[in-house]
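Asks: Supplied in structure tokens, the structure appears directly below.
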Amino acid sequence: MASSASSLLRSKLRDPSLLREQAYIGGQWTDRGKSATFDVKNPYNNETIGTCPDLDSADAAHAVEVAHEAFQSFRHTPAKQRSQILEKWYSLMREHEQDLATILTYENGRPLDAAKAEIQYAASFFSWFQGEALRAYSGETIESSVPGGRVLTFKQPVGVVGVLTPWNFPSAMITRKAGAALAAGCSVVVKPAAETPYSALALAELGERAGIPAGVFNVVTTNEYLASVGKTLCEHDLVKKVSFTGSTRVGKLLMEQSSSTLKKLSMELGGNAPFIIYDDADVSLALQGLMAAKFRASGQTCVCANRVYVQDGIYDDFVKQFADIVQRDMIAGDPTTAGTTLGPLISETAATRVASMVEDAKAGGAEVVLGGESARSTSDPATFYPATVLKGMQPGMRASREELFGPVVAFYRFKSDDELLKMANDAEVGLAGYVYTEKLGRAWRVAEALETGMVGVNTGMVSDPVAPFGGIKHSGFGREGGRVGLDEFQVMKTITLGGLGLPTNSI
Ligand code: SIN
């Protein structure tokens with residue numbers, strides 16, 4: 001069913017059937033008889049781009065039961081078959097990447113080129129996990145403590161997986177989880193963010209075309225934040241694993257909700273990434289890396305550079321060069337217009353929050369080198385915040401303790417290693433960190449000392465399907481992607497064999 005509001009976005013698509021305005025459960029497009037819908041808005045102009053059914057707890061429980069039923073046979077499909085489905089799904093995503101990017105741009109505000117990059121990043125998880133499905137080497141043979149015994153271990157799919165994903169990567173956070181889950185032989189129920197359901201539904205449409213059996217991949221749309229669908233996925237006994245990407249606050253709540261059923265969990269939560277540039281760094285590499293690590297998704301990623309520490313000797317020059325690049329390259333505007341490199345933030349609330357953090361920094365003595373609230377033009381939408389460079393930042397300011405989640409670059413000066421590490425590790429969370437230096441020993445020592453789950457050395461990009469992604473401290477636990485990404489969706493079984501007889505030289 002298509003709403004009249006969606007005709008504009010539909011007209012932009014080469015394949016309009018990718019824009020789905022119903023939930024997807026058990027291989028059926030459905031509103032489950034609900035008349036309640038919610039509007040999906042374009043964050044650039046606040047126009048409604050379509051509607052979705054506002055499903056509830058009972059609908060989520062139904063999806064879980066359907067997924068459980070589908071799991072009974074999907075778990076036994078040969079790995080080669082699961083791999084082929086993922087391979088087909090990957091090819092379909094690449095074939096339709098222009099449309100998928102357009103949908104993402106309209107619901108998330110990401111400029112078109114960057115949206116296409118996300119679709120490629122998202123598809124790369126299917127490509128990676130179609131290989132990993134075949135390479136799920138699992139198990140060991142161990143000599144038992146009891147004579148005449150052997151112990152074998154192997155891994156099995158965990159069961160139905162609840163996938164709870166954020167609006168900042170509407171496609172990639174689903175493929176990173178669902179790709180691994182399907183490779184392992186699990187079925188999934190996805191609850192996409194209310195702001196960005198269409199990317200999830202377009203994935204479901206392509207999944208169906210790729211041959212995913214009915215009930216193995218389900219999408220439950222809802223406008224709620226946590227109260228019903230999310231809670232049901234966490235509390236339902238048939239859901240054996242919940243994989244969540246989002247804020248630390250919500251992650252803790254989901255853990256509480258999941259405790260009564262002792263679910264296996266992966267929590268990819270907030271970050272506060274230190275980005276360190278030593279005097280001896282390759283400055284042009286560092287400038288380039290910082291642009292990438294800061295402005296991806298308008299600064300709305302949990303691995304974005306949040307606190308940029310530059311050593312005293314190059315500090316002033318580096319800040320100036322960086323601000324010049326930002327002024328030249330960050331072109332704000334309508335994300336659907338070619339040439340725009342900085343889109344809106346997801347909501348007016350997000351923009352107001354960023355503005356308040358900049359004001360807090362200014363009040364604490366930081367200097368605005370570029371941008372800031374006063375750089376807004378009267379024609380800017382309320383969701384927009386200008387690319388901003390601040391220097392003279394100090395520990396204790398809000399921007400050093402919280403994720404900026406916006407296009408604001410905050411520079412801190414440091415002199416010694418000790419001072420640096422004290423500041424860099426002074427954070428409750430620990431997801432990503434970055435260090436630029438030409439000294440190998442220093443790079444190694446800092447990478448080991450940083451209290452984060454991931455460190456980029458002379459690179460501003462740690463996101464790669466081959467690399468385990470995840471944090472420590474209040475950034476959560478579990479790893480996504482990489483070889484270990486599959487483990488998260490498997491459980492180990494141990495088989496103890498007895499009575500084999502004592503080993504001798506003859507049988
Ligand atoms: C995130 O911000 O949650 C994920 C970022 C990434 O995968 O690079």
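Asks: Given the condition over 18 Å from the mean Cα position of the chain (by Cα) and open to solvent by 10 Å² or more (accessible area, probe 1.4 Å), answer yes or no: does some residue in the range 238-246 qualify?
Replies: Within the range 238-246, the first condition is being over 18 Å from the mean Cα position of the chain (by Cα), and the residues that meet it are 238-240.
If we keep only those that are open to solvent by 10 Å² or more (accessible area, probe 1.4 Å) too, we end up with 238, 240.
Checked against the condition, which is being over 18 Å from the mean Cα position of the chain (by Cα) and open to solvent by 10 Å² or more (accessible area, probe 1.4 Å), the range 238-246 yields at least one hit.
Asks: With the structure loaded, tell me whether residue 286 is in a helix (DSSP H, G or I), open to solvent by less than 10 Å² (accessible area, probe 1.4 Å) and either at positive phi or within 16 Å of the ligand (Cβ to nearest atom) (or both) or whether it fails that test.
Replies: Numbers: in a helix (DSSP H, G or I): yes; open to solvent by less than 10 Å² (accessible area, probe 1.4 Å): yes; either at positive phi or within 16 Å of the ligand (Cβ to nearest atom) (or both): no.
For residue 286, the condition - in a helix (DSSP H, G or I), open to solvent by less than 10 Å² (accessible area, probe 1.4 Å) and either at positive phi or within 16 Å of the ligand (Cβ to nearest atom) (or both) - is not met.
Asks: Out of all the residues in the range 73-84, is one or more among the hydrophobic types (A, V, I, L, M, F, W, C) and within 25 Å of the chain's Cα centre (by Cα)?
Replies: Initial filter on the range 73-84 (among the hydrophobic types (A, V, I, L, M, F, W, C)): 74, 79.
Filter once more, so that each one left must be within 25 Å of the chain's Cα centre (by Cα): none.
No, the conditions are met nowhere in the range 73-84.
Asks: Name the single residue that is surrounded by the fewest Cβ atoms within 10 Å (Cβ to Cβ) among those in the range 253-276 being in contact with a His (Cβ under 8 Å, 6 or more places away or on another chain) and touching a residue at least 60 places away in the same chain (Cβ under 8 Å).
Replies: Of the range 253-276, the ones in contact with a His (Cβ under 8 Å, 6 or more places away or on another chain) are 261, 269-270.
Then keep just the ones that are touching a residue at least 60 places away in the same chain (Cβ under 8 Å); that gives 269-270.
Values: 269: 24, 270: 22.
It comes out as 270.
Asks: While we're looking at this one, here's another question. In the set 192, 170, which member is under 21 Å from residue 258 (Cβ atoms) and either open to solvent by 10 Å² or more (accessible area, probe 1.4 Å) or out of contact with any strand residue (DSSP E or B) (no Cβ under 6 Å at 6 or more places or on another chain) (or both)? So that I can check it myself, show each step before the final result.
Replies: On the way: 170 fails: under 21 Å from residue 258 (Cβ atoms).
Only one candidate passes the filter, namely 192.
Asks: Here's something else I'd like to know. When residue 77 is evaluated against the numbered criteria (1) β-branched (Val, Ile, Thr); (2) outside the structural domain of residue 241 (by TED's automatic domain parsing); (3) in a loop (DSSP other than H, G, I, E, B), which criterion, by number, is the only one it fails?
Replies: All conditions are met except number (2).
Asks: For the range 219-253, which positions are closer than 18 Å to residue 271 by Cα and touching a strand residue (DSSP E or B) at 6+ places or on another chain (Cβ under 9 Å)?
Replies: So the first thing to find is which residues in the range 219-253 are closer than 18 Å to residue 271 by Cα, and the list is 243-253.
Selection gives 243, 244, 245, 246, 248, 250, 251, 252.
Asks: Between 309, 315, which is in a helix (DSSP H, G or I), away from the ligand (no atom under 16 Å from the Cβ) and open to solvent by less than 10 Å² (accessible area, probe 1.4 Å)? I'd like the intermediate steps shown before the answer.
Replies: Working: 309 fails: in a helix (DSSP H, G or I).
Being in a helix (DSSP H, G or I), away from the ligand (no atom under 16 Å from the Cβ) and open to solvent by less than 10 Å² (accessible area, probe 1.4 Å) holds for just one of 309, 315, which is 315.
Asks: Which residue, of 32, 10, is open to solvent by 30 Å² or more (accessible area, probe 1.4 Å) and either in contact with a His (Cβ under 8 Å, 6 or more places away or on another chain) or among the β-branched types (Val, Ile, Thr) (or both)? Break it down into steps so the answer makes sense when it comes.
Replies: Working: 10 fails: either in contact with a His (Cβ under 8 Å, 6 or more places away or on another chain) or among the β-branched types (Val, Ile, Thr) (or both).
On inspection, the qualifying residue turns out to be 32.
Asks: In the range 431-445, which residues are surrounded by fewer than 24 Cβ atoms within 10 Å (Cβ to Cβ) and not acidic (Asp, Glu)? Even if it seems obvious, please write down each step before you answer.
Replies: Looking only at the range 431-445, we keep the residues that are surrounded by fewer than 24 Cβ atoms within 10 Å (Cβ to Cβ), and these are 437-445.
Within the range 431-445, 437, 439, 440, 441, 442, 443, 444, 445 qualify.
The values are calculated or read from the model by the stated rules, or taken from the named source; none is laboratory data. If you're wondering where the values come from, they're calculated on a predicted model, not measured in any experiment. Counting neighbours? That spans all protein chains shown, and the Cβs are built from the backbone with ideal geometry, glycine included. Ligands, DNA and RNA are excluded from the accessible area calculation, which covers all protein heavy atoms including side chains. Shrake-Rupley method; radii C 1.70, N 1.55, O 1.52, S 1.80 Å.
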